[in-house]
Amino acid sequence: MYERIVQQAASRFSLSQEKTKQLLGMLVGQIFNPKRGGPAGFVNAFRDQDLGGVVGSWLGRGPNQSITPSQLESVLGADAISSISAKLGLSRETVSSAAAAMLPDAVDTLSEHGDLGVNVPDRLKGWLGNVLEELGHFGSVPTAVETSAMAGAATVDTDQATDDTARAGGGLGKWLPWLLIGALLVGAFAYFRG
């Protein structure tokens, strides 16, 4: 799935596959950056810009709503876009446009059961190889307290998505909260066993 995201963006914005893959790695770094609150902080940054419905469409079922480059810059911040641009040697316009095009599918692919988790999935780490470490996005590992806080905040996000889905989904809406609770319990069990 990640290969398709990279190929489409590389073709659309006339970028090399390697630069596009690095850009995807940097976006993943933004999502899981513990200094910004991890995935829960990432989602909340969209909500703070009145883009909760947009990011919710990426986490939920159904089509992903698009985001404009200026909306993405308002969420991530001009400094983040400038930093990514400088590291990749690409213009700010190219970075913000390509990132805005890739982000909806990237978040959709990363999210499982409407939740981003608290760590980069191993399958993505393997696919990105050393791109994440080379780009310096994971200099600090969250402590157990930070991880617990991020997981709690992500649970609140999932609960809100569940409420929205329940209102829109009819019959599925009454079962979805139980499925999500079950998934959270299985995830918590696996986390504490690991």
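The values are calculated or read from the model by the stated rules, or taken from the named source; none is laboratory data. Everything quoted here is computed from the prediction, not taken from an experiment. Cβ sites come from the backbone with ideal geometry, for glycine too, and all protein chains shown count toward neighbours.
Just checking, which of N33, N44 is of a type outside the set (D, E), at pLDDT 90 or above and under 16 Å from V118 (Cα atoms)?
Sole residue among the options that is of a type outside the set (D, E), at pLDDT 90 or above and under 16 Å from V118 (Cα atoms): N44.
Listed residues G89, G56; which is modelled with pLDDT of 90 or more and crowded, with 17+ Cβ neighbours inside 10 Å?
G56
Of the residues that make up the stretch 44-53, is at least one part of a helix (DSSP H, G or I) and surrounded by 21 or more Cβ atoms within 10 Å (Cβ to Cβ)?
yes
Hey, can you tell me all the residues within the stretch 70-120 that are of a type in the set (A, V, I, L, M, F, W, C) and either outside any helix (DSSP H, G or I) or touching a Phe, Trp or Tyr at 6+ places or on another chain (Cβ under 6 Å) (or both)?
Residues satisfying the conditions are V75, L90, A98, V107, L116, V118, V120.
Quick one: count up the residues across the stretch 54-66 that are in a loop (DSSP other than H, G, I, E, B) and more than 23 Å from Q17 (Cβ to Cβ).
Summing the residues that are in a loop (DSSP other than H, G, I, E, B) and more than 23 Å from Q17 (Cβ to Cβ) in the stretch 54-66 gives 5.
Look through L124, L76, L116 and report the one residue that is within 17 Å of the chain's Cα centre (by Cα), buried (at least 18 other Cβ atoms within 10 Å of the Cβ) and over 19 Å from R47 (Cα atoms). Don't jump to the end; show me each part of the working.
On the way: L76 fails: over 19 Å from R47 (Cα atoms); L116 fails: over 19 Å from R47 (Cα atoms).
Just one listed residue meets the conditions, L124.
Given the structure, is R92 without any contact (Cβ under 8 Å) to a residue 12 or more places away in the chain, under 19 Å from V120 (Cα atoms) and out of contact with any Leu (no Cβ under 8 Å at 6 or more places or on another chain)?
For R92, the condition - without any contact (Cβ under 8 Å) to a residue 12 or more places away in the chain, under 19 Å from V120 (Cα atoms) and out of contact with any Leu (no Cβ under 8 Å at 6 or more places or on another chain) - is not met.
Checking the conditions here, which among I84, I67 is touching a residue at least 12 places away in the same chain (Cβ under 8 Å), over 15 Å from A9 (Cα atoms) and in contact with a helix residue (DSSP H, G or I) (Cβ under 8 Å, 6 or more places away or on another chain)?
Criteria check complete, one pass: I84.
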